[in-house]
Number of protein chains: 2
Amino acid sequence: MNANVKHKSDIEIAQNAKMLPIIKIAEQVGLTEDDIELYGKYKAKLSSETINKLQTKQSGKIILVTAINPTPAGEGKSTVTVGLGDALHKLHKKVMIALREPSLGPTMGIKGGATGGGYAQVLPMEDINLHFTGDFHAITTANNALAALIDNHLQQGNELRIDQRRIVWKRAVDLNDRALRKVIVGLGGPLQGVPREDGFDITVASEIMAVLCLATDLRDLKRRLGNMVIAYNIEKEPVTVGDLGVEGALALLLKEAIKPNLVQTIEHTPALVHGGPFANIAHGCNSVIATTTASKLADYVVTEAGFGADLGAEKFLNIKARAAGFKPEAVVIVATIRALKMHGGISKNELGKENVNALVNGFENLRKHAETINSFGLPFVVAINKFVSDTEQEIKTLLELCEKHQFPVELTEVWEKGGEGGLALAKSVLQVLEKNEANFSPLYPLSDSIEEKITTIVQTVYGGKNVEFSTKAKKQIADFEAFGWGNLPICIAKTQYSLSDDPGKLGRPTDFTVTVRELKPSIGAGFIVALTGDVMTMPGLPKAPAALKMDVDENGKAIGLF
Amino acid sequence: MNANVKHKSDIEIAQNAKMLPIIKIAEQVGLTEDDIELYGKYKAKLSSETINKLQTKQSGKIILVTAINPTPAGEGKSTVTVGLGDALHKLHKKVMIALREPSLGPTMGIKGGATGGGYAQVLPMEDINLHFTGDFHAITTANNALAALIDNHLQQGNELRIDQRRIVWKRAVDLNDRALRKVIVGLGGPLQGVPREDGFDITVASEIMAVLCLATDLRDLKRRLGNMVIAYNIEKEPVTVGDLGVEGALALLLKEAIKPNLVQTIEHTPALVHGGPFANIAHGCNSVIATTTASKLADYVVTEAGFGADLGAEKFLNIKARAAGFKPEAVVIVATIRALKMHGGISKNELGKENVNALVNGFENLRKHAETINSFGLPFVVAINKFVSDTEQEIKTLLELCEKHQFPVELTEVWEKGGEGGLALAKSVLQVLEKNEANFSPLYPLSDSIEEKITTIVQTVYGGKNVEFSTKAKKQIADFEAFGWGNLPICIAKTQYSLSDDPGKLGRPTDFTVTVRELKPSIGAGFIVALTGDVMTMPGLPKAPAALKMDVDENGKAIGLF
């Protein structure tokens, strides 16, 4: 993360770290050998019996880590999440970290990943960033098995009278592959299927990913899979997986993937790394099962949600917490001075120079997210991830701004120092928790209309003036309410770079209108997606993909992964 | 297998079997906890260090199980392979079984799998038949990462001057999905890639599957990956993965998949289940690494190859054994009276009735395969997989026919009785091995021309009269020899149902011509594919796919898998 210091790389630090056998990590939270299923010496899944057995236990406190709107300067939200967990661990608290699994597509495309950085990483980072325990592959397979079953249904007589122009279920690969965005399948004559337009999403954008992450157990998983809308029939009525009768087969393919994965940080703090839906088209949080299980095993759970508080945290609080029935008790908002300066209007090249004015202007982005967290009835601590390029004057200014607004704030150095660098933050979070001021409730009742729910999010979370619905969106809202989908929460797909729907508007834009172009029913996941602007569900590879530098030596050691 | 008897189903037998912890199985062949990487309690991968450490050990004897041409009556080759291993285990021999991994596509499509049947199965059958240890998913991912990198190369300026009409690398899914056979990708305008024709193969038909199964170690894997031809440039010269510079990234994606998987049979015989290339477009054998490692760990290795001896065994002997540098010492040819009767001209409905004439006619198919095995300098035993529908007269006739031709023959009942039902066969195989008569050599020297090598296989293995090459094939042969590919072995893609290239010609057809329609370079795998007739590299789903009956209960128990 800390690009301007001569550091060891993340992979060097990770490969030099000494891991404990995963059974030792399990024992820290009271689990025995019988509770886990080993995947090598350093990874394990928790068994279904163990997860069920824990249901009746009291829950620990859930701390959500979120951030300002991301910038090219980097914020380090995953790194702070891991570092905060390590710091609580250092303070002898019984703590677990709950993170998302990274997608292989971006790993092969551009340097990046979701295992933290520096001395605040979860291990084994190579495994977690490659195939890990196969969860995403199981999801890809279930996604594409369903697609094959739909096309086979067309080919074998189309008993459900599916309109082949209105099949909404797309195929998936866990790769960045722009050439698969729009395809035609079924070519080659009558024996090769029914020709039709189709497309591939990256696996993290598959509804099955969201379903797996919101399901509370295997039975709920199957119910949700059955509810997924795959197409509309010639009467324009929705056709579901349940109509096709294959939710059992899909659940069977996911029976291992639904179990959370136990790993450790460099400092041997236990972490559950499980699930990873996109934070735009989906809700951007690790699985409900992992977060809930962690809260049963530990007194403190540190978890995160994708992108800034306007996307990941909003969905964590309005969608995930509601589905899971838990109440988070504190939030950490991560920012860096560099990123705030970019929100204040300067470019990446200018970050090396002190610029207090830009910082003051950019602070408004942080301020909006802080207000949002309060609007959910939650207390927060601001975590400033320190960079060596931060000047004394900039740091002083930022601390004063926080003081002025009565924002609890701590500087962290978890990249360089691991848990040690997050002790002040941890103590501050513990103080906030002790005050017991959380009074969480979601922002809107589910009984609000779809338009009302969207408007609430735009006005309260984004700070926008109003919402415009396209003609298509209006018609869809009417249809969806007629189909009985009006009572679902909303998952807004929006650029992560701005509070508004215009990626160019950094800082804290005001007086803007958000346009809802189209809606998408994710009835299995249990939400309605509202699309604003163009939303990318299949990324492309850059001119020089990271894959060009990747290698493995003859002993199986990963090279150039990060 | 034994469809006409009221048995427990394969999955019932498998789920009632008591497995030993896989570490106990490892210990049987002298491995310790440090030699294996656990995947749950009952699956493990052998570590790279262990595999390397074993290289210098003396090799045990390799026994290859093959069969007559398959018929809808079923032969039970995998079942006999497992049962023979169990029988040798029962006789206190140090034995390992080496099998292919099943593909998920057929599992979701039609009842079937490659884990044996009845009381001769490898376990845990549900895991092995679903995602197992993720090997196939890693191969699918590497295959599709390469495809994405190729399309990205086109999109980013096409420095290698790839002719987009001559990209031969296809995408893959490990599913039966006919709608993906012929597709157009890259649609949607200049930001979505370069539009072109493409198609998907099932993962077992990916050249990466063949490469993984023929590689002797990670270094050899990388070399082979680098040699794979992905396209031709505008000068019609081959473009390889090495030219694209991504063999390191692909090898990195395969670093776990290359390690063989240790499991056990119902009778706790150790088995390595690893790799599974198609036996038509590829060579149809489990991995070289697994077979070689098994031979270092055990005194006897029982392994099998796909379809009949004309496909799998021919390729095992001419391609795999040559690449691996080992010499098998005995062959078992599996047949059933039912299948021989079908080769004798009767239909599946008529199998219930005694028909000695059909049996005598069908015996010619077995006889041809026996001659083939002898032409490789190898001794064999015929294994007759007994069915209750076999009449005394039929059994007597078959034994007499074998006696007349001096074929060692044994009846087996491994489906019903496990190893106990294969004791006679095991003793017979041990006798053959004791005589030490094997004098194995491949059928043709690599220095023969491509036409000569194909002709040798057609005449010696299929019993055909001659080979006709299409105009296209002739041109390709000239090109391939000019590219320096003339010294590779041949992998013929042919129907499995007949010795000829016409699936309707059962028994022992004679006087036939085989037409080679087209060739395909598999330079990474290290062979030239010669395509005869239409070869399916992406199966379709049936009218009522097996997926419709699959389910999982709330405790994660698989239902309706088989």
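The values are calculated or read from the model by the stated rules, or taken from the named source; none is laboratory data. Please read these numbers as outputs of a predicted model, since none were measured by experiment. Methodologically, a virtual Cβ is constructed for each residue, glycine included, from the backbone with ideal geometry; neighbour enumeration extends over all protein chains shown.
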Answer from A:Lys557, A:Lys505 - the residue that is over 30 Å from A:Val168 (Cα atoms) and within 14 Å of another protein chain (Cβ to nearest Cβ): A:Lys557
Pairs, first farther than 10 Å from B:Val263 by Cα in segment B:12-28, second modelled with pLDDT of 95 or more and of a type in the set (Phe, Trp, Tyr), C-beta under 7 Å, six or more apart: B:Ile13/B:Tyr119
Single match in B:Thr66, B:Thr71, B:Thr79, B:Thr56 (criterion: of a type in the set (Val, Ile, Thr), part of a loop (DSSP other than H, G, I, E, B) and within 18 Å of B:Val301 (Cβ to Cβ)): B:Thr56
Of residues in segment A:351-364 being out of contact with any helix residue (DSSP H, G or I) (no Cβ under 7 Å at 6 or more places or on another chain) and surrounded by fewer than 19 Cβ atoms within 10 Å (Cβ to Cβ), the one nearest to A:Gly504 (Cα to Cα): A:Asn357
Enumeration of residues in segment B:278-305 that are more than 17 Å from B:Val65 (Cβ to Cβ) and modelled with pLDDT under 95: B:Phe278, B:Asn280, B:Ile281, B:Ala282
Whichever residue in segment A:330-350 is surrounded by fewer than 24 Cβ atoms within 10 Å (Cβ to Cβ) and part of a helix (DSSP H, G or I) and, among such residues, is nearest to the chain's Cα centre (by Cα): A:Lys348
Of the criteria (1) under 23 Å from B:Arg181 (Cβ atoms); (2) under 28 Å from the mean Cα position of the chain (by Cα); (3) within 9 Å of chain B (Cβ to nearest Cβ), which one A:Val194 fails: (2)
Residue in segment A:291-313 that is surrounded by fewer than 22 Cβ atoms within 10 Å (Cβ to Cβ) and in contact with a strand residue (DSSP E or B) (Cβ under 8 Å, 6 or more places away or on another chain) present: yes
Residues within segment A:7-34 that are within 24 Å of A:His92 (Cα to Cα), within 12 Å of chain B (Cβ to nearest Cβ) and over 27 Å from the mean Cα position of the chain (by Cα), tallied: 3
Which numbered condition B:Gly248 fails, given (1) in contact (Cβ under 8 Å) with a residue 40 or more places away in the chain; (2) over 23 Å from the mean Cα position of the chain (by Cα): (1)
Leading residue by the ranking (farthest from B:Val263 (Cα to Cα)) among those in segment B:121-131 that are in contact with a strand residue (DSSP E or B) (Cβ under 7 Å, 6 or more places away or on another chain) and more than 9 Å from chain A (Cβ to nearest Cβ): B:Gln121
The listed residue being buried (at least 21 other Cβ atoms within 10 Å of the Cβ), within 25 Å of A:Phe316 (Cβ to Cβ) and within 14 Å of chain B (Cβ to nearest Cβ), out of A:Met538, A:Met550: A:Met538
Members of segment B:392-409 that are over 23 Å from B:Ala87 (Cβ atoms) and surrounded by 15 or more Cβ atoms within 10 Å (Cβ to Cβ): B:Glu394, B:Thr397, B:Leu401
Answer from B:Ile110, B:Ile139, B:Ile162, B:Ile167 - the residue that is more than 20 Å from B:Gly524 (Cβ to Cβ) and either among the hydrophobic types (A, V, I, L, M, F, W, C) or in contact with a Leu (Cβ under 6 Å, 6 or more places away or on another chain) (or both): B:Ile110
Within segment B:406-438, tally of residues that are of a type in the set (Phe, Trp, Tyr) and over 25 Å from the mean Cα position of the chain (by Cα): 1
Enumeration of residues in segment B:208-253 that are facing chain A (nearest Cβ under 8 Å), part of a loop (DSSP other than H, G, I, E, B) and under 28 Å from B:Leu154 (Cβ atoms): B:Gly245, B:Val246
Counted residues, segment A:183-195 - those being in contact with a Gly (Cβ under 9 Å, 6 or more places away or on another chain) and over 26 Å from B:Leu250 (Cβ atoms): 8
Condition check for A:Leu154: surrounded by fewer than 24 Cβ atoms within 10 Å (Cβ to Cβ), over 27 Å from the mean Cα position of the chain (by Cα), of a type in the set (A, V, I, L, M) and in a helix (DSSP H, G or I): yes
Residues located in segment A:210-223, provided they are in contact with a helix residue (DSSP H, G or I) (Cβ under 7 Å, 6 or more places away or on another chain) and under 26 Å from A:Arg165 (Cβ atoms): A:Val211
Index of the failed condition, B:Arg322 passing every other in (1) within 22 Å of the chain's Cα centre (by Cα); (2) part of a loop (DSSP other than H, G, I, E, B): (2)
Residues of segment B:400-414 classified as in a helix (DSSP H, G or I) and either over 20 Å from B:Val65 (Cβ atoms) or at pLDDT below 95 (or both), total: 4
Residue in segment B:157-180 that is farthest from the other protein chains (Cβ to nearest Cβ), counting only those that are assigned to a helix (DSSP H, G or I) and touching a strand residue (DSSP E or B) at 6+ places or on another chain (Cβ under 9 Å): B:Leu180
Flag if A:Asp86 is farther than 30 Å from B:Lys259 by Cβ, touching a Gly at 6+ places or on another chain (Cβ under 9 Å) and among the acidic types (Asp, Glu): yes
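Conditions tested, residue by residue: (1) crowded, with 24+ Cβ neighbours inside 10 Å; (2) at pLDDT below 95; (3) more than 30 Å from B:Val461 (Cα to Cα); (4) among the aliphatic types (A, V, I, L, M).
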residue	(1), (2), (3), (4)
B:Ala17	no, yes, yes, yes
B:Gly40	no, yes, yes, no
B:Lys43	yes, no, yes, no
B:Gly74	no, yes, no, no
Some residue of segment A:262-270 being within 14 Å of chain B (Cβ to nearest Cβ) and either in a loop (DSSP other than H, G, I, E, B) or not hydrophobic (A, V, I, L, M, F, W, C) (or both): no
Entirely in segment A:458-562, the strands (runs of 3 or more DSSP E) that have 2 or more residues that are touching a residue at least 40 places away in the same chain (Cβ under 8 Å) and within 30 Å of A:Gly242 (Cβ to Cβ): A:490-493, A:518-522, A:527-531
B:Ser447 vs. criteria in a loop (DSSP other than H, G, I, E, B) and under 20 Å from the mean Cα position of the chain (by Cα): no
